[in-house]
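Taking it in order: structure first as structure tokens, then the write-up.
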Amino acid sequence: MTTKDAKLVPQKAQKTSHTPMFEMVRGMADVLPKDQGWWKLLWQTGHAVSELNDFHFIETPPVEPAKMFLSAAGVAEESVEKHLYLLKAKGKGGEELALSYSPKISVLRSYLEHRLAYFASPLKVFYLAPVFRRIEEFPEHPGQFHEWGFQIIGDGDPLYDGEIILAVFDFLKALKLKQMVLKINSAGCRVCRPAFKQRLKAYYRNEKDMICRTCEKNIETNIFAIVHCEQEQCKEVRQNAPIVLDYLCQSCNNHFKSVLELVEDNAVLYEPDAWLLPENDYGTKTIFEFYVPQYPFAIASGHRFDYLAEAFGGRVTPAMNGALGIERVIEAMKLQGLVPHPKEKPRVFFVVLGDQAKKGALRLMQLLRAGGIAVVEVAGKKTLKAQLKSAERMNITIALLLGQKEVFDGTVLIRDMSSGAQETILAEKLVEEVKKRINK
Ligand SMILES: [Zn+2]
Ligand SMILES: [Zn+2]
């Protein structure tokens with residue numbers, strides 16, 4: 001930068017560089033370069049597991065009709081509404097819009113909209129998507145996180161519940177997580193669930209004075225939310241509450257048994273959990289979560305939702321989903337002392353001397369990259385000494401030097417960074433020569 005250029009930089013921007021004008025919205029997440037290793041590991045593992053299990057890629061938009069999430073929630077509409085990020089802009093038909101609250105619902109919407117049943121039956125898809133949930137009562141709680149989901153749509157066979165659970169399990173196992181425990185339950189179906197709900201309501205009406213105010217309100221509006229309450233008095237009352245397993249119909253009972261057999265056959269450690277019930281109305285039959293002992297939250301979860309397609313105006317279309325919370329999985333891995341492989345360091349450094357050499361240098365670097373060789377440069381630094389110092393700091397194996405003379409001669413100077421030995425080679429032989437040296 002010349003002195004003249006320097007004057008163009010507003011002084012204020014330089015002075016206040018520690019207090020940027022705009023900050024990230026509270027609760028949202030920047031994924032930073034320092035975490036690249038984690039994300040790369042998760043992408044690669046996720047893709048490998050998805051491919052082995054024959055799941056296809058799907059991506060749905062981060063903005064959807066708000067009503068879609070609300071109607072999916074059914075009786076729990078109120079509890080979903082307060083967590084939606086509603087947008088000021090409206091859809092083309094004037095409908096209210098929200099940031100994606102639940103990608104699995106978007107995936108089902110997409111399935112119905114694009115008639116994906118014609119693509120495959122059942123359809124097996126995976127996605128990596130941001131999830132947005134506004135949680136005002138807990139400012140420390142993230143309002144945005146990412147999930148890697150597996151979803152099978154179009155078949156209600158328990159085999160597919162097993163496939164989803166095992167895909168999630170394989171993913172966690174491939175990440176080398178240990179001591180995973182699967183918590184599992186059945187939420188029943190529309191045949192058997194109403195009786196259980198009535199029984200649960202009756203029980204809690206009797207215990208009304210013993211539970212917290214929120215739970216008391218939930219008795220009539222959202223009974224399943226009660227079993228999730230963490231208040232001590234409510235947990236105590238819960239101990240004697242009726243459990244869903246005593247109310248399952250024959251079909252749900254058989255379904256649950258088959259899923260447990262599949263899980264057991266594949267050596268997944270599991271614990272039936274009678275209080276694992278869907279917070280939203282659309283969860284049916286199998287519901288599960290994965291935990292590790294070192295971390296208090298579920299690192300993965302999922303459930304079946306066989307009637308949602310119908311509620312969206314489609315035919316009865318059974319669906320099963322399981323998803324890993326990416327940020328939670330990374331936390332759990334850290335607590336188990338796992339680390340991703342560090343990013344592979346480039347071993348070739350390009351020293352560019354003088355403006356005339358820049359063009360030629362870029363062409364040669366492109367040739368090296370096309371030959372599969374990662375190469376770095378710090379052309380912003382002017383002197384040979386400064387550039388070589390950067391190369392030393394990066395632990396580079398060989399440096400390539402290109403100045404005006406080399407450009408003119410069609411050569412490159414190649415320098416062994418550990419011995420300091422230098423040799424002139426023909427530019428056209430560059431890729432070959434570099435490969436020889438870094439592979440020895
Ligand atoms: Zn049932
Ligand atoms: Zn409570």
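Derivation of every value follows stated rules applied to the coordinates shown; laboratory data play no part. This is a predicted model, so every value here is computed, not measured. Cβ sites come from the backbone with ideal geometry, for glycine too, and all protein chains shown count toward neighbours.
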Kindly provide the trypsin sites (Lys or Arg not before Pro) of region 275-348 that DSSP labels as loop, not H, G, I, E or B, and whose Cβ sees at most 13 other Cβ atoms within 10 Å. ARG315, LYS343
Positive end of the dipole of the chain, charges at C-beta (+1 Lys, Arg; -1 Asp, Glu), about the Cα centre: which of ILE438, THR221, VAL107 has its Cα farthest in that direction? ILE438
Expected 222 nm ellipticity per residue - DSSP helices of 4 or more, -39500 (n - 2.57), all of the chain, to 500: -11500 deg cm²/dmol
Within the chain: Cβ-based charge dipole about Cα centre, in debye rounded to nearest 20 (Lys, Arg +1; Asp, Glu -1): 2060 debye
For the chain, the longest principal axis of the Cα atoms and the Cα long axis of helix 103-113 enclose an angle in degrees, to the nearest 10, of 80 degrees
Please sort by residue number the GluC sites (Glu not before Pro) in region 89-155 whose DSSP state is loop and whose Cβ has at most 16 other Cβ atoms within 10 Å. GLU95, GLU136, GLU137, GLU140
Farthest positive-ward along the chain dipole, Cα basis, beta-carbon charges - from TRP43, ILE184, VAL375: VAL375
Residue by residue through region 307-317, what is 3J(HN,Hα) from phi via Karplus (6.51 cos²θ - 1.76 cosθ + 1.60, θ = phi - 60°)? Round to whole Hz and write x for glycine and proline. 10, 5, 4, 5, 4, 8, x, x, 7, 4, 9
Using θ = phi - 60° and Karplus 6.51 cos²θ - 1.76 cosθ + 1.60, couplings along region 269-278 (whole Hz; Gly, Pro as x): 6, 9, 10, x, 10, 5, 9, 8, 10, x
Given axes a ≥ b ≥ c from the Cα gyration tensor, I'd like to know whether region 348-438 is rounded (a/c under 1.5), prolate (a/b larger than b/c) or oblate. rounded
Which Cα, out of ALA399, ALA386, THR424, lies furthest along the positive dipole direction of region 348-438 (beta carbon charges, K/R +1, D/E -1)? ALA386
Report the Cα centroid-to-centroid distance between region 350-409 and region 296-334 in angstrom, as an integer. 49 Å
Can you tally the net charge around GLN356? Count Lys and Arg as +1, Asp and Glu as -1, for every other residue whose Cβ sits under 15 Å from the Cβ of GLN356. +2
Which GluC sites (Glu not before Pro) in region 288-345 pass both tests, a DSSP loop state and at most 14 other beta-carbon atoms within 10 Å? GLU344
The chain: longest segment with zero exposed chymotrypsin sites (Phe, Trp or Tyr not before Pro), where exposed means DSSP loop plus at most 12 other C-beta atoms within 10 Å, is residues 120-296
Taking the convex hull of Cα positions in the chain, its mean projected area over all directions (nm²): 29.3 nm²
Going fewest to most other Cβ atoms within 10 Å around each Cβ, ARG415, ARG437, ARG205 line up as ARG205, ARG437, ARG415
Under a point-charge model restricted to the Cβ atoms of Lys and Arg (+1) and Asp and Glu (-1), what is the dipole moment magnitude of region 348-438 relative to its Cα centre, in debye to the nearest 20? 300 debye
